[in-house]
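Engineer: Following this message is one structure expressed as structure tokens.
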Amino acid sequence: MKKIDNLIIAKKKFRSRLIVGTGKYKNMSDCAKAIKFSGAEIVTVAVRRVNITDKKKPLLMDYIDPKKITYLPNTAGCFNSKEALRTLRLAREIGGWKLVKLEVLGDKRTLFPDMIETLKSTEILTKEGFKVMVYCTDDPLMAKRLENSGASAIMPLAAPIGSGLGIQNYTNIKIIRRQTKLPLIIDAGLGQASDATIAMELGCDGVLVNTAIARAKNPFQMALAFKNAVVAGRQSYLSGRIEKFLFGNASSPKEGII
């Protein structure tokens, strides 16, 4: 019997390896429809930006059922440890969420993570019982420190947030994959479905996509494309690619030729 290839994060199993964001859509209805097309079982929720408390305005919960889809509160827009900690503690009070995504940005231009503040926040949150999925640079040394500090998942950027540039440093991603047993999820910078396939073929356990889907001309078709791309990339990785050769290597037999 074939073993089910689940994504496991903090001991919780997910069939889909595609995580999608809930921001940048024209409206919540489009967001919900795109998520359905994507098949995603986890969605990121920017606690400081997405309405989850004001009942006088459209609530995210009215469009995306938290009983069917796992909400992943994140700290988008936080630029220091103090802001990030306060945001996630608030998320726990509001919805009891302990599985969270930590994102502590260094500056408003690049939106690169501040790894000093990120590492400090990870250590504090894990001690408080949070299961922390961490947005980080693609630095293998820092990724290892995050693992040692108790992170539940490593989430290196492919490229700057929202840039659509795709994976810029294959080598570092490969090193991180080889040295960590934690779920490795590419976060930020993907622009098209093939980027997701590449990430999965590098051995990543999943990808997180927001802008590439939400800002696509047809976000629903793009969501479906990413769904299929992740599946294809995972299957390709598990199948074991052929060895690379500099010169041609005939596929037909060399013996018995007429």
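Here, each number is a calculation from the coordinates, and none is a lab measurement. Remember, predicted model here, so these are calculated numbers, not experimental data. Cβ coordinates were reconstructed from backbone atoms using ideal geometry, including for glycine residues, and neighbour counts include every protein chain displayed.
Engineer: Could you tell me how many of the residues in segment 213-225 are buried (at least 24 other Cβ atoms within 10 Å of the Cβ) and either without any contact (Cβ under 8 Å) to a residue 40 or more places away in the chain or within 19 Å of Pro160 (Cα to Cα) (or both)?
Structural biologist: The number of residues fulfilling the criteria is 1.
Engineer: Enumerate the helices (runs of 4 or more DSSP H) found wholly within segment 189-255, keeping only those where 3 or more residues are over 19 Å from the mean Cα position of the chain (by Cα).
Structural biologist: Of the helices (runs of 4 or more DSSP H) lying wholly inside segment 189-255, those with at least 3 residues that are over 19 Å from the mean Cα position of the chain (by Cα) span 219-239.
Engineer: OK, next. Output the residue which, of all residues in segment 121-139 that are touching a residue at least 40 places away in the same chain (Cβ under 8 Å) and out of contact with any helix residue (DSSP H, G or I) (no Cβ under 8 Å at 6 or more places or on another chain), is surrounded by the fewest Cβ atoms within 10 Å (Cβ to Cβ).
Structural biologist: Applying the filter and picking the extreme gives Lys131.
Engineer: Also, quick follow-up: Within segment 179-212, which residues are out of contact with any strand residue (DSSP E or B) (no Cβ under 6 Å at 6 or more places or on another chain), crowded, with 19+ Cβ neighbours inside 10 Å and either in contact (Cβ under 8 Å) with a residue 60 or more places away in the chain or among the aliphatic types (A, V, I, L, M) (or both)?
Structural biologist: Hits for segment 179-212 are Ala188, Ala193, Ile198, Met200, Ala212.
Engineer: Further question: Lys67 versus (1) charged (D, E, K, R); (2) within 23 Å of Ser38 (Cα to Cα); (3) buried (at least 20 other Cβ atoms within 10 Å of the Cβ): which is the lone unmet condition?
Structural biologist: Here Lys67 clears every test but (3).
Rundown of residues vs (1) farther than 22 Å from Ala214 by Cβ; (2) assigned to a helix (DSSP H, G or I); (3) among the small types (Gly, Ala, Ser); (4) over 14 Å from the mean Cα position of the chain (by Cα), yes/no style:
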{"residue": "Ala40", "(1), (2), (3), (4)": "no, no, yes, no"}
{"residue": "Val45", "(1), (2), (3), (4)": "no, no, no, no"}
{"residue": "Arg48", "(1), (2), (3), (4)": "no, no, no, yes"}
{"residue": "Lys68", "(1), (2), (3), (4)": "no, no, no, yes"}
{"residue": "Pro73", "(1), (2), (3), (4)": "no, no, no, no"}
{"residue": "Cys78", "(1), (2), (3), (4)": "no, no, no, yes"}
{"residue": "Ala91", "(1), (2), (3), (4)": "no, yes, yes, yes"}
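Engineer: Pick out the one residue from Ala153, Ala159 that is within 18 Å of Ser194 (Cα to Cα) and out of contact with any helix residue (DSSP H, G or I) (no Cβ under 6 Å at 6 or more places or on another chain).
Structural biologist: Only one candidate passes the filter, namely Ala159.
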